[in-house]
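Student: I have a structure I would like to understand better, so I am pasting it below and will then ask my questions one at a time.
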Amino acid sequence: MRIVLVGPPGAGKGTQAAYLAKNLSIPHISTGDLFRANISQGTPLGKQAKQFIDGGELVPDEVTIGMARDRMTQSDAVNGFLLDGFPRNVTQAKALDASLGADGLALDAVLDLEVPEDEVVKRIAGRRICRNDSAHVFHVSYNPPKTEGVCDVCGGELYQRPDDDEETVRKRLEVYHRETEPIIDHYRGQGLVVTISALGKVTDVTERAMEALKRDAAA
Ligand code: AP5
Ligand code: MG
């Protein structure tokens, strides 16, 4: 399956993607995680992306589209993938449609996670991620690690993302409404959008998502 996960910052895309990718046996591809790995390794791409990420702005399409395409053409993604954070504007969506179309492929679904803004603010304020891998995600009250400040998965140090401060979160939400929400209409026109509520326990949301994807595939 080829699935795009969409939703505001802090909706739980990364959290859900980890479970859904495992259930569906497809790789979880997060452009945010790819950028953060490049930043922590000090690569030229990371240096280019950092100023945009720290300011809550989108990294330019010229950089992002190439990076996402490279990752999607790796061998583990031949039978599908779960995209988290890409595409993030209509230009990226059209580039993705074109590159899949050129290979005779298409998306199967766009899973839209709906969460009220006051909840995403709470989720982001308490989020802690691992220095070794930003896909290892915790929350100080909703999903606390066994030992405070230590990643349950790999023992790495947990920290708060630099773009999770209040002012940058406000900016990211504004960018989401302006740039990213229009991709939902773009894909609604293709009959691909499946919307679910992402409120409630993480496992309940995963179950809801799996049911919705199954219903969509059967329709
Ligand atoms: P990215 O890393 O994609 O950030 P985002 O879209 O803002 O989303 P988040 O990662 O903040 O939230 P999430 O939905 O993954 O939530 P999570 O699962 O962690 O992008 C960062 C930046 O990179 C962008 O601003 C941009 O600069 C750049 N970028 C990335 N992709 C780009 C692109 N395509 N083009 C251009 N630029 C790009 O959950 C949040 C918290 O809530 C966690 O603490 C979690 O434990 C908790 N939680 C999750 N689910 C639940 C639940 N059900 N109940 C209670 N708590 C929960
Ligand atoms: Mg994320």
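Student: So, LEU34, is that one within 16 Å of ligand 2 (Cβ to nearest atom), touching a residue at least 12 places away in the same chain (Cβ under 8 Å), open to solvent by 30 Å² or more (accessible area, probe 1.4 Å) and not in a loop (DSSP other than H, G, I, E, B) or not?
Tutor: The answer is yes for LEU34.
Student: If you don't mind, another one. Looking for whichever is open to solvent by less than 10 Å² (accessible area, probe 1.4 Å), in contact with a strand residue (DSSP E or B) (Cβ under 6 Å, 6 or more places away or on another chain) and in contact (Cβ under 8 Å) with a residue 24 or more places away in the chain here; the options are GLY7, GLY14. Which one fits?
Tutor: Of GLY7, GLY14, the one residue that is open to solvent by less than 10 Å² (accessible area, probe 1.4 Å), in contact with a strand residue (DSSP E or B) (Cβ under 6 Å, 6 or more places away or on another chain) and in contact (Cβ under 8 Å) with a residue 24 or more places away in the chain is GLY7.
Yes/no per residue for (1) within 16 Å of ligand 2 (Cβ to nearest atom); (2) closer than 24 Å to VAL63 by Cβ; (3) without any contact (Cβ under 8 Å) to a residue 40 or more places away in the chain:
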| residue | (1), (2), (3) |
| --- | --- |
| THR91 | no, yes, yes |
| ALA98 | no, yes, yes |
| LEU105 | no, yes, no |
| GLU117 | no, no, no |
| VAL175 | yes, yes, no |
| ARG178 | no, yes, yes |
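Student: Here's a check for you: in region 131-147, which residue that is in a strand (DSSP E or B) and within 13 Å of ligand 2 (Cβ to nearest atom) is nearest to ALA37 (Cα to Cα)?
Tutor: VAL137
Student: Out of GLN16, GLN51, GLN74, which single residue is under 26 Å from GLU167 (Cβ atoms), at pLDDT 95 or above and not hydrophobic (A, V, I, L, M, F, W, C)?
Tutor: GLN51
Student: Follow-up. Need pairs with beta-carbon distance below 8 Å; first residue in contact (Cβ under 8 Å) with a residue 12 or more places away in the chain and assigned to a loop (DSSP other than H, G, I, E, B) and within region 50-65, second more than 6 Å from ligand 1 (Cβ to nearest atom) and of a type in the set (Lys, Arg); sequence gap 6+ or separate chains.
Tutor: GLY55/LYS171; GLY56/ARG170; GLY56/LYS171; GLU57/LYS171
The values are calculated or read from the model by the stated rules, or taken from the named source; none is laboratory data. This one's a predicted model, so the numbers in the text were calculated from it and none came from an experiment. Note that we place each Cβ from the backbone using ideal geometry, even for glycine, and neighbour counts take in every protein chain shown. Areas reflect the complete protein model, heavy atoms only, side chains present, ligands, DNA and RNA absent. Shrake-Rupley method; radii C 1.70, N 1.55, O 1.52, S 1.80 Å.
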